[in-house]
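A.B. asks: Please find one structure pasted underneath; my questions will follow.
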C-alpha cells in the first residue's frame, strides 16, 4: 500500500506506535485546503517580485536542469535515517497526520540526519523531501515537533521546495565562483532575492504548522527553544513576545538600517518576529474563519485572480506601515500623511530625539547571529 493511501486509510496518527502520543483531543482537518488559505501576503508578493527579477525565468529554467536532485536523494538515502513505521515511528505518525490534516495526497519522504544544529528543511525539484536534524529531534517535545512537521508539510503544499532547492544550490555555487567577479555578483543578486522570498515563506509555513498542531503555545515554545535552547523553565512566552515589540519599536533610523543589514544574510526571520507574526494571525478573524471551515480550496486555485493577490499584498503592506512602530516605517507613514517639517523629522528620527518612539539607542555594531533552524 502506498504512503498516500496509508495516510488516507489510517487517518490522524496512523499506525506505527504513534497513536498513543497524540494529544487528548481531535484536531480539525481541512479537506482540499489551498495553500492560499495560510500563505502570508508578504510571501506571495515576494514571490511575485522574485519572478519579475530580470532574467529570472531564464536562469531558473537553466538551473532546473543542473541541480543534482538525484544526488541529494541518494545522499540522504545513504547517510541519513529514513522515517518509517520501523524507524522514528513517532515522526512517521506525525508526518502522515500532518498530510491528513492538510489533505496532502502524496506523503513526502522524511529523513533524520545527524547534525547537532537544530534545523529542518523541505527540498526537491520533482518531489519534496523533508529533512530533520537530530539536534531538532532532541530539542523539541512531541507537540512542538508536530508543529515543525506541519511547517515542513506546509512548505511542500505551497510548492516552496523547488525554490528552496535552487537557493541551496546557488548558495554553494556562490562560494565556488567567488573568484569570478561578475559571475559572483550575478549569483549573489539572485541569492539575495531568493533569501528575501524565503524569509517571507517561513511565515507562511509557521501558519501551516499551527493548522496542523492546533496548539499556539506549542508553536511559541518551539520558537523560544530555537532562540534560547532547551531551558523552558528559564523562559516566558509573554516576555519573549515583548522582545518582538521592543525590537520593532527600538531606537531611531540608524537602528532601522541595522535591522535590514542584520537580516539580509539570513534565510529565516528572527525567532521573536516569527512568534509575534504567528500570534497576530492566530488572533485574527481570518484564522477563525479558517477554523470554521471557510477557506479557499485547491479546486478553485485555477480561478484565482492575480489582481486579488496583488491587492491583498498591497493592503497588507499598507496596514504594516500604518501600524508599525519601526522608526523607518514611521517616517514613511508621516511622509505619506503629508508631514510638513521633513528636515526636522529626518533629524529627529536619526538622532532618536523628538517624536521618535521607543528607547533611545546608539548606532552600535551588530555581531553575527547564529542562524536558527526550521
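Yes/no per residue for (1) within 26 Å of residue 27 (Cα to Cα); (2) more than 20 Å from the chain's Cα centre (by Cα):
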residue	(1), (2)
93	yes, yes
96	yes, yes
102	yes, no
105	yes, yes
117	no, no
126	no, yes
129	yes, no
135	no, no
138	yes, yes
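A.B. asks: It is to be established whether one or more residues within the range 235-252 are over 19 Å from the mean Cα position of the chain (by Cα), at pLDDT below 90 and surrounded by fewer than 15 Cβ atoms within 10 Å (Cβ to Cβ).
C.D. replies: Yes: one or more hits.
A.B. asks: Surrounded by fewer than 24 Cβ atoms within 10 Å (Cβ to Cβ) and at pLDDT below 95: is that true of residue 109 in this structure?
C.D. replies: The answer is no for residue 109.
A.B. asks: For the structure I just gave you, tell me whether residue 79 is at pLDDT 90 or above and exposed (fewer than 11 other Cβ atoms within 10 Å of the Cβ).
C.D. replies: Judged against the criteria, residue 79 is a match.
A.B. asks: Tell me which of these residue 23 doesn't satisfy, since it passes every other one: (1) in a loop (DSSP other than H, G, I, E, B); (2) surrounded by 15 or more Cβ atoms within 10 Å (Cβ to Cβ); (3) at pLDDT below 65.
C.D. replies: Answer for residue 23: the failing condition is (2).
A.B. asks: Condition test on residue 144, is it farther than 27 Å from residue 191 by Cα, in contact (Cβ under 8 Å) with a residue 12 or more places away in the chain and under 19 Å from the mean Cα position of the chain (by Cα)?
C.D. replies: Yes, satisfied.
A.B. asks: Can you say whether residue 39 is more than 25 Å from residue 167 (Cα to Cα) and at pLDDT 90 or above, as far as the supplied structure shows?
C.D. replies: no
A.B. asks: A further question on this structure: With the requirement that a residue be in a loop (DSSP other than H, G, I, E, B), touching a strand residue (DSSP E or B) at 6+ places or on another chain (Cβ under 7 Å) and in contact (Cβ under 8 Å) with a residue 60 or more places away in the chain, what does the range 114-134 give you?
C.D. replies: 117, 118, 119
A.B. asks: Would you call residue 74 in contact with a helix residue (DSSP H, G or I) (Cβ under 7 Å, 6 or more places away or on another chain), assigned to a helix (DSSP H, G or I) and at pLDDT below 95?
C.D. replies: In short, no.
A.B. asks: If you check residue 222 against the conditions, is it under 21 Å from the mean Cα position of the chain (by Cα), under 26 Å from residue 31 (Cα atoms), at pLDDT 95 or above and not in a loop (DSSP other than H, G, I, E, B)?
C.D. replies: no
A.B. asks: Tell me, yes or no, whether the range 189-212 has at least one residue that is out of contact with any strand residue (DSSP E or B) (no Cβ under 9 Å at 6 or more places or on another chain), assigned to a loop (DSSP other than H, G, I, E, B), at pLDDT below 95 and closer than 30 Å to residue 28 by Cβ.
C.D. replies: no
A.B. asks: Return yes or no: is residue 137 assigned to a helix (DSSP H, G or I) and at pLDDT 95 or above?
C.D. replies: Answer is yes for this residue.
A.B. asks: While we're here: Hey, does the range 97-105 have a residue that's outside any loop (DSSP other than H, G, I, E, B) and in contact with a strand residue (DSSP E or B) (Cβ under 7 Å, 6 or more places away or on another chain)?
C.D. replies: no
The values are calculated or read from the model by the stated rules, or taken from the named source; none is laboratory data. This structure is a prediction, so every number in the text was calculated from the model and none was measured. Note that we place each Cβ from the backbone using ideal geometry, even for glycine, and neighbour counts take in every protein chain shown.
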